[in-house]
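The values are calculated or read from the model by the stated rules, or taken from the named source; none is laboratory data. Just so it is clear, the model here is predicted, and its values are computed rather than measured. With ideal geometry, Cβ positions are generated from the backbone for all residues, glycine too; neighbour counts draw on all protein chains shown. Each accessible area value is taken on the protein alone, full model and side chains, heavy atoms only, with ligands, DNA and RNA left out. Shrake-Rupley method; radii C 1.70, N 1.55, O 1.52, S 1.80 Å.
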Amino acid sequence: MSVGLMSSQRMPSTLDLEPPKHGGDLAYWQRKVGDKALNWLDLSSACNREPWPIPQMESSLWMDLPDQVALLDVAEGYYGCRPIAIGAGSQHIIESLPILLRESKPLSDLRVVVPRIGYQEHAFAWEKWGYELAYYDVLEELLEQNFAVAVVIQPNNPTGEWASASTLSALIDHAEKQGASLVVDEAFIDPCPELSLLADVTQSHWPESLFVLRSVGKFFGLAGARVGFVFCAKKWQSALKNLLGPWPVATPSLHLVSLAFADVAWQEQALQSLSVRQAVFIERVIPKFNTIFDSQERVVNPLFVTWTLESHEYAVQVFEMLHQVGIHIRLGDDWIRVALPAMNEIDGLDKALIRLLKSAGGRELA
């Protein structure tokens, strides 16, 4: 079955919207505040602070056109399922899905539901292409609703919350029955692969409604490689590849990710490191953050911790105060997200928090 990418009826697009803000923006702050930001500890991006080590590469990799087959082969071993397509990060897939799916939905049925708090590029991508946005707070709400597309972030970034396997299964069935699409973003799921939908769904019985996105930017810490994968029904394969283009990912990135996927020893060590670092962070650092944030309401994820605060104004105050002691974190509307530091960063972070707590501003926050 082919999927057309041209239509006599055009959906309106709005491409001049203000884009969302992201973590990992330390360079922006260095330009804004100057040299004092050069030595800040950047915990704003929830990527692994102990990333897969980059080896030396042959210079020929910069001269050869990309061939994705080798990475697709090793990715199939890593994920237990062969990706349908590779994009320049899962962000590239997110950008492409609204264009892909608009051809399969009637123009009167453009309702897309996204989590109220979540990775904002999902909502932004659908909004740009003229879909009607709606928000949900609890995933179970969607089981009683009609929609063209529903987006689930598993686990959610930034809230760290997980959807149950039973709810996801029911939601897939609900989407199938109404001819809708379900997009599940699993960018942060690598530390818990047993919870991935890829562990339960086989390619031969893949639901037509289901799209699963994976990324190497988080667990492997390779955000700059810009490599992401989409798993879906083969019905969409040709259209997706045409949308993404013949060479969406550079040859060096394809090569590096192939090596990272094959490095089972590093993956096992990284999982152990995350567990040890999290335990140290919970024991030594979280009590200080609890005091500074004046909040015990938090969710702990293998790669980050998110606190819910009383207001956006208070979150901004905390964000600015942490800058004064050289700590850069992710600021949300009424939440703060802190990436799990590398082991060799925890002492410096701990001392900076003690300095803040002893300062007049820190006492005021507490």
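For region 42-57, in order, what is each residue's ³J(HN,Hα) by Karplus, 6.51 cos²θ - 1.76 cosθ + 1.60 with θ = phi - 60°, in whole Hz (x at glycine and Pro)?
Each residue of region 42-57 in turn: 8, 10, 7, 9, 8, 8, 4, 7, 10, x, 4, x, 7, x, 5, 10 Hz.
Leaving ligands, DNA and RNA out of it, rank L17, L213 by accessible area with a 1.4 Å probe, largest first.
Putting L17, L213 in descending order of accessible area: L17, L213.
Under a plain spin-label model, where a point goes 7 Å from the Cα along Cα-to-Cβ, how far apart in nm are Y314 and N344?
Taking the two extended label points, one gets 3.7 nm.
Please state, to two decimals, what the Cα-based radius of gyration of region 248-297 comes to when divided by 2.2 N^0.38 Å (N = residues).
1.82
Explain nothing, just compute: Karplus ³J(HN,Hα) = 6.51 cos²θ - 1.76 cosθ + 1.60, θ = phi - 60°, for every residue of region 132-140 in order, whole Hz, x for Gly and Pro.
These are the phi-based 3J(HN,Hα) values: 7, 8, 9, 10, 10, 9, 10, 4, 4 Hz.
Can you give me the relative contact order of region 262-332 as a percent, contacts being Cα pairs under 8 Å and 6 or more apart?
RCO, region 262-332: 19 percent.
Using amide H atoms built in the peptide plane, which far-off residues or other-chain residues are under 5 Å from V184 H to H?
Amide H neighbours of V184, under 5 Å, 5+ apart: V152, F211, V212, L213.
Express in nm, to one decimal, how much length is gained between L38 and A265 on full extension, taking 0.36 nm for each residue of separation and deducting their alpha carbon distance.
78.4 nm
When only Cα pairs under 8 Å and 6 or more residues apart are kept, what is the percent relative contact order across region 93-200?
Value for region 93-200: 25 percent.
At a threshold of 8 angstrom on Cα-Cα distance, excluding pairs fewer than six apart, so keeping six or more, what relative contact order does the chain reach in percent?
24
With Rg and the Kirkwood Rh both taken from Cα atoms, where does Rg over Rh land for the chain?
Ratio value, two decimals: 0.97.
Apply the Karplus curve 6.51 cos²θ - 1.76 cosθ + 1.60, θ = phi - 60°, to the phi angles in region 200-216 and return the couplings in whole Hz, x for Gly and Pro.
10, 9, 9, 4, 6, 10, 6, x, 4, 7, 9, 10, 10, 10, 10, 9, 9
Restricting to DSSP H runs of at least four residues, report the calculated mean residue ellipticity at 222 nm for the chain, -39500 (n - 2.57) per run over all residues, nearest 500 deg cm²/dmol.
One gets -11000 deg cm²/dmol as the mean residue ellipticity at 222 nm.
Give me the distance between the Cα centres of region 296-366 and region 31-82, rounded to whole Å.
So the separation of the two Cα centres works out to 26 Å.
Report the antiparallel proportion of the DSSP beta bridges in the chain as a percent, rounded to a multiple of 5.
Restricted to the chain, the bridges split so that about 50 percent are antiparallel.
Run a plain Debye calculation on region 19-138 (Cα atoms as equal point scatterers, no solvent) and give log10 I(q)/I(0) at q = 0.11, 0.15, 0.22 Å⁻¹, rounded to two decimals, same order as the q list.
-0.66, -1.08, -1.24
May I ask you to give the percent of accessible area on the chain that is carbon plus sulfur, with a probe radius of 1.4 Å?
Carbon with sulfur: 51 percent of the solvent-accessible area.
Which of rounded, prolate, oblate describes region 177-261, given a ≥ b ≥ c as roots of the alpha-carbon gyration tensor eigenvalues and a/c under 1.5 marking rounded, otherwise prolate only if a/b is larger than b/c?
oblate
Please report, in debye to the nearest 20, how large the charge dipole of region 235-306 is about its Cα centre when each Lys and Arg carries +1 at its beta carbon and each Asp and Glu carries -1 there.
Dipole size: approximately 200 debye.
So, for the chain, what is the accessible surface per residue at a probe of 1.4 Å, expressed in square angstrom?
Dividing the accessible area of the chain by its residue count gives 46 Å².
Determine the distance separating the Cα centre of region 249-275 from the Cα centre of region 126-203; give it in Å without decimals.
26
With N residues in region 117-170, what two-decimal value do you get for its Cα radius of gyration over 2.2 N^0.38 Å?
Normalised Cα radius of gyration, region 117-170: 1.15.
For the pair K241/E176, report the inter-label distance in nm, with labels modelled 7 Å from Cα in the Cβ direction.
For the pair K241/E176, the computed spacing is 2.6 nm.
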